[in-house]
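What follows is a short report on a single structure.
The values are calculated or read from the model by the stated rules, or taken from the named source; none is laboratory data. This structure is a prediction, so every number in the text was calculated from the model and none was measured. For neighbour counting, all protein chains shown are included, and Cβ atoms are generated from backbone atoms with ideal geometry for every residue, glycine included.
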Amino acid sequence: MHNATPEQLLHVATQYHKEGKLDAAEKLYKTVIEVKPHDAQAWFYLGMIKYSQGTHFEAIEHLRRALELDPKNADFSNNLGEIYRQHGMLDEAEYFIRNAIVINPNQADAYSNLALICKAKGDYDSAKLYFSRSLDLNPKNANTIINVGNLFLTINEYDDAAECFLAALGLAPENPHALRGCAIALYEKGEYNAAAAMLSRLTAGKPDFHREKVDLALITLRNKDFRKGFQLLESRLKHLPHIMQGEEKNLWRGADLKGKTIYIYDEKDGLGGFGDTLMFVRFVLDMQKYSPERVILRVQPELHTLISANMPDFVTVVTENFEKFDCHSPLLSLPLVQNVRAKTMPRAAGYLKADADKTAHLFDRSVKNVGIAFATDKSHIKHETRTIPQEAFDPLFDKSIKLHYISKQEPDAPLHPSINDLRPHINDFADTASVIANLDMVITADTSVVHLAGAMGKETALLLNRLHDWRWFSIKSGQKTVWYESVTGYVKEDSAGWEELVSSVRI
């Protein structure tokens, strides 16, 4: 190829590029540029190779050079803008993509890319407009239809999202993004079995689709299939490998533990929060049947005082990582190993106790003392649908009932003067448990409070949206929960208000 022209070299390079022979293609592009430094195509393709290699700033440099040499090339401008978008540089991205549209008003991809920029900026109406224009020009582009579906997911328009993903699947039946998006939309619509079918289709024959298997696990558990659900949930250890605090070969899978130390740990860095630790710690109490010499249990610092006071002698509770053990297990893996089933939930009557005397002086025994928790963690993805407006508790303002706010979560508005704010007396979960021990009843949103109250066997009303967390299965209003015999679910229908639901609680 020593006598080849730059044009011939470029042709061979692009063939290598298409075949995935990137090193050979890159070498030839650079040769073309050495011979013909003003060859815009060579600069462009070299930039795209750099982009595929993850060196975005070098890619941007090469694409800008290509556009300088050929300023009327819409593809150059659009691709440059898209690289800027994927790197989070939205203003630069918008400039070059709009420039591409000026050069070629009929470039469907440019309108789709501009829509993605508008979506990233929170301008959803403009995003819809530009996606619509893109589909007018290329109505059978499955990727664009998927992006429209993702936009509808972002703005919680799940019917339209599902319609988009199903349309995309009509064009690309095995597209993983369409299958995943459709599963999410169907799940949010409450069509759990249909969502599971999509996830099953997505994960079939794909051992590396760990996140999707976790999603399928949660739906399976929601249907009370604990055997299959907890088996699928083990995929979280591949999806989030930092959960494991030891080598995979030393994971405990149910073997006898005589003479051995097992390290069991919370999953605060994975799927588990305070509520999960409180809910699953019951299974640590059943470890004695495996005859361990010692159990080391790691929990969040806020739970240490409470849980350590409730563990048998063979369990040592810590808050830091522990390194000297024979085998280990994440807390959420215990139900699988212990063969737990929904119909035979252990310790549903309660398994945690508290020092009631510590906070007894805070309560007037001449009235009924009811603890309430309506605010939820603002960082939680379901914060808005879980949080209950404070006004919903207005029907409970009665001389015979005293309401006490028992959550550490900051409410969205100042508490009503009739509500006794106990936050100054609560530093950790041991304090909250002491408060709950003095209450006649708890009424709570889906927060860690319900798990604490349930674990203590305290009469509790759990207020839920119709579309709620898998842990509560398909509970109906007035039904007891599987996990806690003392907790009764109350489910708000879409057309009803929270105040109406609170009024239905039996006190």
Given (1) surrounded by 21 or more Cβ atoms within 10 Å (Cβ to Cβ); (2) outside any helix (DSSP H, G or I); (3) touching a strand residue (DSSP E or B) at 6+ places or on another chain (Cβ under 6 Å); (4) not small (Gly, Ala, Ser), number of the condition residue 450 does not satisfy | (2)
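Among the residues of segment 469-496, which ones are closer than 19 Å to residue 189 by Cα and in contact (Cβ under 8 Å) with a residue 60 or more places away in the chain?
The first filter runs over segment 469-496 and keeps only residues closer than 19 Å to residue 189 by Cα, leaving 469-476, 491-496.
Of everything in segment 469-496, those that are closer than 19 Å to residue 189 by Cα and in contact (Cβ under 8 Å) with a residue 60 or more places away in the chain turn out to be 469, 470, 471, 473, 474.
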Across segment 355-372, the tally of residues that are out of contact with any Phe, Trp or Tyr (no Cβ under 7 Å at 6 or more places or on another chain) and either over 16 Å from residue 424 (Cβ atoms) or of a type in the set (Lys, Arg) (or both) stands at 11
All positions within segment 258-293 that are of a type in the set (D, E, K, R), part of a loop (DSSP other than H, G, I, E, B) and closer than 14 Å to residue 306 by Cβ | 266
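Just give me the residues in segment 294-305 being assigned to a helix (DSSP H, G or I) and of a type in the set (A, V, I, L, M), in sequence order.
To start, the set of residues in segment 294-305 that are assigned to a helix (DSSP H, G or I) comprises 301-305.
The one that is assigned to a helix (DSSP H, G or I) and of a type in the set (A, V, I, L, M): 303.
When you check residue 180 against the structure, is it touching a Phe, Trp or Tyr at 6+ places or on another chain (Cβ under 8 Å) and of a type in the set (Lys, Arg), yes or no?
On the way: touching a Phe, Trp or Tyr at 6+ places or on another chain (Cβ under 8 Å): no; of a type in the set (Lys, Arg): yes.
Considered against the rule, which asks whether it is touching a Phe, Trp or Tyr at 6+ places or on another chain (Cβ under 8 Å) and of a type in the set (Lys, Arg), residue 180 comes out as no.
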Single residue of 378, 368, 382, 399 found to be among the charged types (D, E, K, R) and modelled with pLDDT of 95 or more = 368
Note on residue 311: of the conditions (1) over 17 Å from residue 455 (Cα atoms); (2) not in a helix (DSSP H, G or I), unmet is (1)
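Scan segment 68-99 for residues that are more than 17 Å from residue 134 (Cβ to Cβ) and either under 30 Å from the mean Cα position of the chain (by Cα) or not in a helix (DSSP H, G or I) (or both) and jot them down.
Here is the first cut: in segment 68-99, the residues more than 17 Å from residue 134 (Cβ to Cβ) are 68-73, 76, 80, 83-84, 86-92, 95.
Scanning segment 68-99 gives 70, 71, 72, 73, 83, 84, 86, 87, 88, 89, 90, 91.
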Of all residues in segment 460-481 being part of a loop (DSSP other than H, G, I, E, B) and crowded, with 19+ Cβ neighbours inside 10 Å, the one that is nearest to the chain's Cα centre (by Cα) = 468
How many residues does segment 428-468 hold that are in contact with an Asp or Glu (Cβ under 6 Å, 6 or more places away or on another chain) and over 23 Å from residue 389 (Cα atoms)?
-> 3
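In this structure, does residue 501 turn out to be within 20 Å of residue 375 (Cβ to Cβ) and outside any helix (DSSP H, G or I)? Before the answer, list the steps.
Values: within 20 Å of residue 375 (Cβ to Cβ): yes; outside any helix (DSSP H, G or I): no.
No: the conditions fail for residue 501.
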From the set of residues in segment 30-67 that are crowded, with 17+ Cβ neighbours inside 10 Å, β-branched (Val, Ile, Thr) and more than 36 Å from the chain's Cα centre (by Cα), which is nearest to residue 96 (Cα to Cα)?
-> 33
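Filter segment 102-113 for residues that are in contact (Cβ under 8 Å) with a residue 24 or more places away in the chain and either assigned to a helix (DSSP H, G or I) or of a type in the set (Gly, Ala, Ser) (or both); which is surrounded by the most Cβ atoms within 10 Å (Cβ to Cβ)? Explain how you work it out, then say what you get.
Residues of segment 102-113 in contact (Cβ under 8 Å) with a residue 24 or more places away in the chain: 103-104, 106-113.
Now restrict to residues that are either assigned to a helix (DSSP H, G or I) or of a type in the set (Gly, Ala, Ser) (or both): 103, 108-113.
Working: 103: 17, 108: 17, 109: 20, 110: 30, 111: 26, 112: 26, 113: 28.
Among them, the one singled out is 110.
Would you check if residue 139 is under 18 Å from residue 75 (Cα atoms) and outside any helix (DSSP H, G or I)?
Values: under 18 Å from residue 75 (Cα atoms): no; outside any helix (DSSP H, G or I): yes.
No.
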Kindly indicate which of 392, 348 is in a helix (DSSP H, G or I), in contact (Cβ under 8 Å) with a residue 60 or more places away in the chain and not polar (S, T, N, Q).
-> 392
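Per-residue answers, yes or no, for (1) in contact with a helix residue (DSSP H, G or I) (Cβ under 8 Å, 6 or more places away or on another chain); (2) over 25 Å from residue 309 (Cα atoms); (3) buried (at least 22 other Cβ atoms within 10 Å of the Cβ):
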site	(1), (2), (3)
388	yes, yes, yes
392	yes, yes, no
406	yes, no, yes
417	no, yes, no
421	no, yes, no
425	yes, no, no
428	yes, no, no
442	yes, no, yes
Check residue 213 against each of (1) in a helix (DSSP H, G or I); (2) surrounded by fewer than 16 Cβ atoms within 10 Å (Cβ to Cβ) and name the one condition it does not meet.
-> (2)
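Can you pull out the residues in segment 183-197 that are within 17 Å of residue 467 (Cβ to Cβ) and in a helix (DSSP H, G or I)? Walk me through how you get there before you give the answer.
Applying the first criterion (within 17 Å of residue 467 (Cβ to Cβ)) to segment 183-197 yields 183-196.
183, 184, 185, 186, 187, 188, 192, 193, 194, 195, 196, listed by residue number.
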